[in-house]
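Read the structure below first, then the notes.
The values are calculated or read from the model by the stated rules, or taken from the named source; none is laboratory data. Here the structure is a predicted model, which means the values were calculated and not measured. A quick note on method: Cβ atoms are made from the backbone with ideal geometry, for glycine too, and the neighbour counts reach across all protein chains shown. All accessible areas refer to the heavy atoms of the entire protein, side chains included, with ligands and DNA or RNA removed. Shrake-Rupley method; radii C 1.70, N 1.55, O 1.52, S 1.80 Å.
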Amino acid sequence: MYDYLIIGNGIAGLSATEEIRKKDSDATILIVSEEKSSTYWRTRLSHLISQEFNKDDLFVKKQPWYDERKIDERLECCIKKIDTEKNVAILCDEEEIEYGKVLLATGARPFVPPIKNIDSKGVFAIRTIDDLMNFKDYVNGKDKVVVIGGGILGLEAAHAALLLGKDVTVIESFDYLLSRQLDQDLSEKLEKTLNDMGIKTYTGKFTEEILAEDGIVKGIKLADGTEIPADAIMVQAGIRSNVDVAKESGLDVERGVIVDDSLKTKYDNVYAAGDCAQIGDFTIGLWTSSMEMGKIAGNNMVGDSQVYEKPKPFSLLTIGDTKIFSAGLSSAEGIEELKVERDGNIYKLFKLDDTFVGGILWGDIKYQNDVKDIVFNGKDLEETKLGELFK
C-alpha cells in the first residue's frame, strides 16, 4: 500500500511528488512510468538533435535525490487502469498496487496526421530520449530532412537538423510560420531569416503523401502536386493527451481527463495534472504549465486548497542569433499596432479597444517582463522601461 501513487514521471508527476514530500515527510510515495528513465528535460530534445550529450545531464533530478527522500520508482512499468472502488492500480501484467491517493500524470504523445504512408521507415516524431536517439542514428550519413510543422518545436528541430549539416525543408499548413505567436509581418521576416540560413520553407501547404520505396521514405508529396525528396521526415504537428488509463478507469474524459480547478477528478482521491488534464474546455501542453499543475495537485493531495489558473500565453524562440518573444494576441479583427524599430531590433505592442492585448519583441528581448505586465496585468505602458521606447 502506497499513500500516494503517481502515474507518469513527466514534469507534472515529478513536481507533484516533490510537493507531497515537502509537506508529508513520512508518507509512502511511488512513481510508476512506462519510460525507461527518470524524469528528464523533454524541452531540450529538439536542441540535442545537433549535439553530443551525456544522458545523465538530461535528468531533472539525479540519484540519490529519490533515495534520500524515500521516493520509489518503477520504470518501464505499464498501468492498465485504476479501480476507484478498491483503490488499486492494475498493471498490464495484472499485478495490483494499492493506493491512498493517486495522480494521473500520463502526459501526451505526438499527433501524427493520417497522411498516406506515414508509417514508412524514416518518419519520426520526437517526444522521448529514445525517439531522439533513433532519429540521430537514422540520419547519420543521410542528407535531406523534411520537417512537417512550422511551430516552435518544428522550427527548433529544423534549425538543429541544419546544424547537423542536413539539407532541411519545413512544411507548414498555415499561411505563415508561428501563426499563433507572430503577426504576418514578423512571420515573413522570420521566414526570410530561416531561408537565408539555408532552411527552405513552404507555407500554406498540406502534405498529401509520404513518398516511399519498399517501405522506406524517399520524399513527400504536397497537395498541390509538388514533390520534395527526403531521407527522413520529422513530424512536429502538436500533441494529444494520453487518456487511455483514465478511460479504462471510468473517469470523465474529453480531449483530456476532466478535472476541476483543484485538479481533482470526480473522485476525491483521484487527481490529474499536466498534458493529460483538461480544465474547463482546454488542455494546455506546456512544460511550465505542467510543472505548475503538478505542484498544485501535489499540495492539494496532502490537504491544501490551491486552485490552478489558466496560464497567460507567451513564447520564446531562439534560432541562431535570432531571438523572439511574444505574448498575448497579435492578430485579430480591430487590432491596432504600435511599432518601434531600433538598431535592428523590433518592438511591437497590439491594442484592442484601447487595451493592450499582445506584444512581440524581435532581437532585444530584455523587456519581456514589461510586455507581460502590460498585456496580462494591465500595467500602464508609461510605467515600464519599455514605455521609454514608445515615447
Kindly report the accessible area of the chain per residue (heavy atoms of protein chains, probe 1.4 Å, no ligands, DNA or RNA), in Å². 48 Å²
Taking the radius of gyration and the Kirkwood hydrodynamic radius from Cα positions alone, what is the Rg/Rh ratio for the chain, to two decimal places? 1.00
Round to a whole angstrom and tell me the spacing of the C-alpha centers of region 127-201 and region 1-62. 28 Å
To the nearest 20 debye, what charge dipole does the chain have about its Cα centre, counting +1 at the Cβ of each Lys and Arg and -1 at the Cβ of each Asp and Glu? 520 debye
Ordering MET234, MET133 from largest to smallest accessible area (1.4 angstrom probe), what's the sequence? MET133, MET234
Asserting the computed 222 nm helical MRE of the chain (DSSP H runs at least 4 long, -39500 (n - 2.57) per run, divided by residue count, to nearest 500) equals -6500 deg cm²/dmol
Run the simple label-point estimate for GLU98 and LYS61 please: 7 Å along Cα→C-beta, distance reported in nm. 2.5 nm
In angstroms, what radius of gyration and Dmax does region 272-390 have, counting Cα atoms only? 16.9, 53
Using only alpha carbon pairs under 8 Å that are at least six residues apart, calculate the relative contact order of the chain and give it in whole percent. 16 percent
Once the whole set of protein chains is in place, how much accessible area is left on ARG240, using a 1.4 Å probe, in Å² to the nearest 10? 100 Å²
Heavy-atom accessible area ranking, 1.4 Å probe, most first, across TYR202, TYR176: TYR202, TYR176
Might you list the cysteines of the chain that have no disulfide-compatible partner by the rule of another cysteine's Cβ under 4.7 Å? CYS77, CYS276
At q = 0.14 Å⁻¹, what log₁₀ I(q)/I(0) does region 104-225 have when each alpha carbon counts as one equal point scatterer in the Debye sum? -0.63
What part of the accessible area of the chain, given as a whole %, is carbon or sulfur when the probe is 1.4 angstrom? 43 percent
In Å, what Kirkwood hydrodynamic radius results for region 84-134 from the alpha-carbon pair distances? 14.7 Å
